[in-house]
Every structure is written in structure tokens, then in C-alpha cells.
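First the structure, in the form of C-alpha cells, and then the observations on it.
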Amino acid sequence: MEEIKTIMSFEEAITKLEKTVELLEKGELPLDELINVFQEGIALSRFCSKRLDEVEKKITMLLEDEKFGITEKPFIPEESDGI
Amino acid sequence: MQRIYSVSEINSYIKNILAKDLLLSNIWVKGEISNYKAHYSGHMYFTIKDENSLLKCVMFRSRNSNLGFSPENGMKVIIRGYLSVFERDGQYQLYAEEMVPDGMGNLYMAFEQLKKRLESEGLFDSRFKKKIPYLPKSIGVVTSSTGAVIRDIINILSRRFHNFELKIFPVAVQGSLAARQIANAVRKFNELGCVDVIIVARGGGSLEELWAFNEEIVARSIFESKIPVISAVGHETDYTISDFVADLRAPTPSAAAELVLPEKLMLKQKINSLVNRLNNAVLKQTDLDRKKLDKLKNSRVFRQPYDRIYQERMRLDMLDKYMHKALLLNKEKISSVLGTLIGRLNALSPLSVLARGYSIVRHSDSGRIIMSAKGVQKGESLEISVADGKINCTVENTELIPGNLDGECSDTTVPVKKSSS
């Protein structure tokens, strides 16, 4: 239950979380199931929060070279040329 | 004799002839605008002219709303439209469907032709449009590495999310190399597979400056891309072929940045609110369950568990009491009935007859009851039963009462007068 498939997208996860909340808010679940569903909801929210923070801010530029193919290097914004 | 026609018939006839003409039904005309009037209804009325001639024109509001420039007198333009007759005035005129400033005419026609061709090939079909990922892990941008566009995109993404991964594929966005570089960048991103979405971007410019994004090679690279592509070229009013082929058109590069990443803060708030609702829902339900349990615990069964037993015991006692009462009642009734019966029985008893003075006489030997004087002989022994005992005696003689019964019956009890005590 704690394990959320890593192939799940953020959107899928948050949609599922919304459905879970709605299901719980109906208040029709038996207690055992209630706890399971609640735990799943918490796991989904953790997964979503984690997805929001897991990416490091990283801006790179891809440079193509006939000899070396494509290389990636950090991007440093230059002065505007007006375009 | 020749037929005489009305004016309406002639105008209508000419209108039909013009309508049948293939050339006049879709024609490009160039000229200089004069006598321009923008009617308050939104329709435009004007004439176009060259050195020698005038042509009346009308462009309806539905056609001129996306014009992209304001026509004025003296402006040289190229108009596409059809020729028809305004019957009321008996005047033919050009009904303009598209109008571009002259000079851009060739590019404009090329644009229209390519658009039509690619559209008929299905490159703009909505069924080919891929969904833009909601929260892409990595974003690819195909644009100039210098200039305001990439800075704006980075600024907006930083404001919305502050942690994101952006890969820039620098290209020339105008000039003769631009189209090939843009197409190549889109293809390279696909080969590398290192981004979840591609933004193809360029700032505002003239039709010539934006031209690379109207080239077929760019359109095809976007169409073939497995990675969803957002086209963000020029200003809001500029439409390029890339916009039509892309999975999503953003009005400007900044808008593309806003479309590609949601606001992190908003998402965080959404998750928090969902978690709160999750907690509340569970608390509410467990609270309800607890209340239900409390109510059950407080029910009479749990509060006075022996109550039922007491109730039954009392009931039992009552029944017991009733039973005893009933028994007594019955007993009295039975004894009274018994008394009556005994009385009646007594009345019928031979003993009571004896008590009244009667006696029973039997043969001493056989015990047979003597019913008749004829039944005994002199000297026989008889036994006389009386109320309080027996008398043994011997027959001395017998006498018959004359005229009385001469019955022979001998086995029934007949009262016999006691002869002695």
C-alpha cells in the first residue's frame, strides 16, 4: 500500500489522491478499508510532494559538434540581442 | 418578338454569369486602397486602384477580424476574394476574404499554399495532437541562446517552480539556416529522448523574420516528433505553420513557459488541502464510529445486563402465584361437587335403606337374597342383614299374602320387613 508505482505520473497520482479524498469524504467505508484507503492517500500525497522537489534546478545547453556529437554544458544567459 | 427584361432580371443574370466563372470565384488582385471606410458594423468598404482603373471592394467583419494590420488610403495591398454583383446598385465588386500588404504578397501566398497542402495531408489533425505532460521532468527549448525569449522563459519557469530542468538547443531563429537548425534540434531532442516536452520559440517579428517557422521542414520535424511540442512564435496575433502542426500553440514564448509548468506553490497548496481533507474525512468517520460505539455501550443491555433476568423472574413469580390461586380455587370447587355427589350416593346406598329400618334376608348357605316367601322352606337357615349387624335365624313357617304378587324373581333386592332385632 505504501508503495506507489514509480511509473505513475504526477498527474495520475494527484488525480488518484483527489478520488481517494472524495471516497473517504463520502464516509461509507468500513473501518478496516478506511485505514487502508487513508494510508494509500498519505502515500500518494508523499509521492506528489516528493515529485515536486526531486528535480534540481538545472539549466543546460546542448551543443552539437560534428566530431563529438552532442555535448551538454551549463547555460549562462548572455546579453540580449533584442530578439 | 424579343422578350423585354426587367432591371432586376439583368442584374441577377449577370450575377449568375460571374458566379459560374472559375477565375472570378477565387482571385488575387493587387492595388492601392482609396476611399476607405470602416463602417460601424465592422465591415470595410473601399476601392482599390492602379494608374488606370478602380475596383470596388468590401471586406466583411467576419473576414477582417484577423487582418493583423489596419488598412488605410494609399496602402498597396493584395487581396484574395471573389467577384460578384451587388444587385441593388447594379455594381460588381470584389468581396475580399484575405488581404495582406503588398510586398509580403509572395510569402503570404506561399504560406497559404503550404498551409492548405499540409492541412489536406492531415498534419493539423487533432487526432495527432499529443497531450502535454502535466509536470514534465525535463523541458527542452529550441530557440536562440541569446535574447529576451530564453530569458523570459527561464524567468517565468523560475517564478513558477524554482526547481526545474531545462535543456536549451540553441538555433538561429531567422535567416537562411534557421529552418534547418530548428528542424534538426527537434529531431535531436527526439533522438536523445532527454526531455518530456519541447518548446519551439521565437519572439515577435515581421512575417519575413518569422518565416522559418512557416517552412515545411520545420513543420514536418514537429509533426514527426514523438515528444509533445509547444509552438510559441511571435505575438498573439501571429500564426505560423508550426502553430498549426504543434501539439499546443502558445500565444507567446512567455505563455509557453506558463503552459508547460504549473505553479509549484499552487500544487503544494493543493496537495496540502487534499491531505487535510484526507485527515478530516478519516477523523470524521472514526468520530462517527466512536459515537456509534458509545451509543451501543450506553444501551440498556450494557447498563443493566440483569434487567432482563429480573424481568423474567418477576414474571415467573407472578405465574407461580396465579397457578397456586387457581389450584386452590379448583380444589374448593371439586370438594363441593364431591360433597354433593357423596350426598346423592348416600341416598342411593342400600346401607342407608337399612338405616331406615329395612333389612336384607339371604340364605345362609348360598347367600342368595330371599325375594319371595315361596323361596324358603321350614327349617332353613337365614341371615338377616340390618344396619348395624346380622341376625341368624331359622324359618319356622311361611305365609303368602293373598292377592299379592306371585313373582318368581329372586335376584333383586326387595325390602324385607325386619322380623326381629
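The values are calculated or read from the model by the stated rules, or taken from the named source; none is laboratory data. Owing to the predicted nature of the structure, the values given are computational and were not obtained by experimental measurement. Virtual Cβ from ideal backbone geometry, glycine too; neighbours counted across all protein chains shown.
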Problem - the stretch B:169-196 residues that are surrounded by 18 or more Cβ atoms within 10 Å (Cβ to Cβ), paired with ones that are assigned to a loop (DSSP other than H, G, I, E, B) and of a type in the set (Gly, Ala, Ser) (beta carbon under 6 Å, 6 or more apart) - result: B:Pro170/B:Ser145; B:Val173/B:Ser144; B:Ala178/B:Ala172; B:Gln181/B:Ala172; B:Val186/B:Ser225; B:Asn190/B:Ser225
Completion exercise
Scanning the stretch B:106-138 residue by residue, the ones that are farther than 25 Å from B:Val260 by Cα and in contact with a Phe, Trp or Tyr (Cβ under 8 Å, 6 or more places away or on another chain) total 6
Practice task
Could you check, for the stretch B:66-86, whether at least one of its residues is under 49 Å from the mean Cα position of the chain (by Cα) and either β-branched (Val, Ile, Thr) or surrounded by fewer than 12 Cβ atoms within 10 Å (Cβ to Cβ) (or both)?
Solution key: yes
Completion exercise
Every listed condition ((1) in contact with a helix residue (DSSP H, G or I) (Cβ under 8 Å, 6 or more places away or on another chain); (2) in a loop (DSSP other than H, G, I, E, B); (3) of a type outside the set (D, E, K, R)) holds for B:Ile182 save (2)
Exercise for the section: Search the stretch B:125-144 for residues being at the interface with another protein chain (Cβ under 10 Å from one of its Cβ atoms) and surrounded by fewer than 20 Cβ atoms within 10 Å (Cβ to Cβ), and hand back the single one that is farthest from B:Leu267 (Cα to Cα). Expected result: B:Lys131
Fill in the blank from the handout: Across (1) at pLDDT below 90; (2) farther than 24 Å from B:Glu112 by Cβ; (3) of a type outside the set (Gly, Ala, Ser), B:Phe86 clears everything bar (1)
Fill in the blank from the handout: Across (1) over 51 Å from the mean Cα position of the chain (by Cα); (2) facing another protein chain (nearest Cβ under 9 Å); (3) under 21 Å from A:Lys58 (Cβ atoms), B:Glu165 clears everything bar (1)
Problem - the stretch A:35-65, subset in contact with a Leu (Cβ under 8 Å, 6 or more places away or on another chain) and within 19 Å of B:His162 (Cα to Cα), residue surrounded by the fewest Cβ atoms within 10 Å (Cβ to Cβ) - result: A:Lys58
Handout entry: Candidates B:Arg160, B:Arg151, filtered to the one that is among the charged types (D, E, K, R), over 25 Å from B:Ala212 (Cα atoms) and in the same structural domain as B:Asn190 (by TED's automatic domain parsing)
Key = B:Arg160
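Starting from residues that are free of Cβ contacts under 8 Å to residues at least 12 places away in the same chain and at the interface with another protein chain (Cβ under 8 Å from one of its Cβ atoms), keep the ones in the stretch A:15-34 and report whichever is surrounded by the most Cβ atoms within 10 Å (Cβ to Cβ). Break it down into steps so the answer makes sense when it comes.
Restricting attention to the stretch A:15-34, the residues satisfying the condition of being free of Cβ contacts under 8 Å to residues at least 12 places away in the same chain are A:15, A:18-19, A:22, A:25-34.
Adding the requirement that they be at the interface with another protein chain (Cβ under 8 Å from one of its Cβ atoms) leaves A:18, A:25, A:27, A:29, A:31, A:34.
Numbers: A:Glu18: 15, A:Glu25: 15, A:Gly27: 13, A:Leu29: 17, A:Leu31: 11, A:Leu34: 19.
Applying the filter and picking the extreme gives A:Leu34.
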Completion exercise
B:Leu274 vs (1) of a type in the set (A, V, I, L, M, F, W, C); (2) surrounded by 10 or more Cβ atoms within 10 Å (Cβ to Cβ); (3) farther than 30 Å from A:Phe47 by Cα: all pass except (3)
Practice task
Output yes when any residue across the stretch B:101-124 is part of a loop (DSSP other than H, G, I, E, B), hydrophobic (A, V, I, L, M, F, W, C) and buried (at least 18 other Cβ atoms within 10 Å of the Cβ), and no when none is.
Solution key: yes
Practice task
Determine whether B:Asp125 is in the same structural domain as B:Leu261 (by TED's automatic domain parsing), under 23 Å from B:Gln174 (Cβ atoms) and not basic (Lys, Arg).
Solution key: no
Problem - Which numbered condition B:Tyr358 fails, given (1) more than 30 Å from A:Ala43 (Cα to Cα); (2) not assigned by TED's automatic domain parsing to the domain that holds B:Pro402 - result: (2)
Exercise for the section: Name the one entry in B:Ala256, B:Ala326, B:Ala281, B:Ala250 that is among the small types (Gly, Ala, Ser), free of Cβ contacts under 8 Å to residues at least 60 places away in the same chain and assigned by TED's automatic domain parsing to the domain that holds B:Phe161. Expected result: B:Ala250
Fill in the blank from the handout: B:Arg63 fails exactly one of (1) within 53 Å of the chain's Cα centre (by Cα); (2) in a strand (DSSP E or B); (3) not small (Gly, Ala, Ser), namely (2)
Handout entry: Failed item in (1) in contact (Cβ under 8 Å) with a residue 60 or more places away in the chain; (2) under 43 Å from the mean Cα position of the chain (by Cα), with B:Lys137 passing the rest
Key = (1)
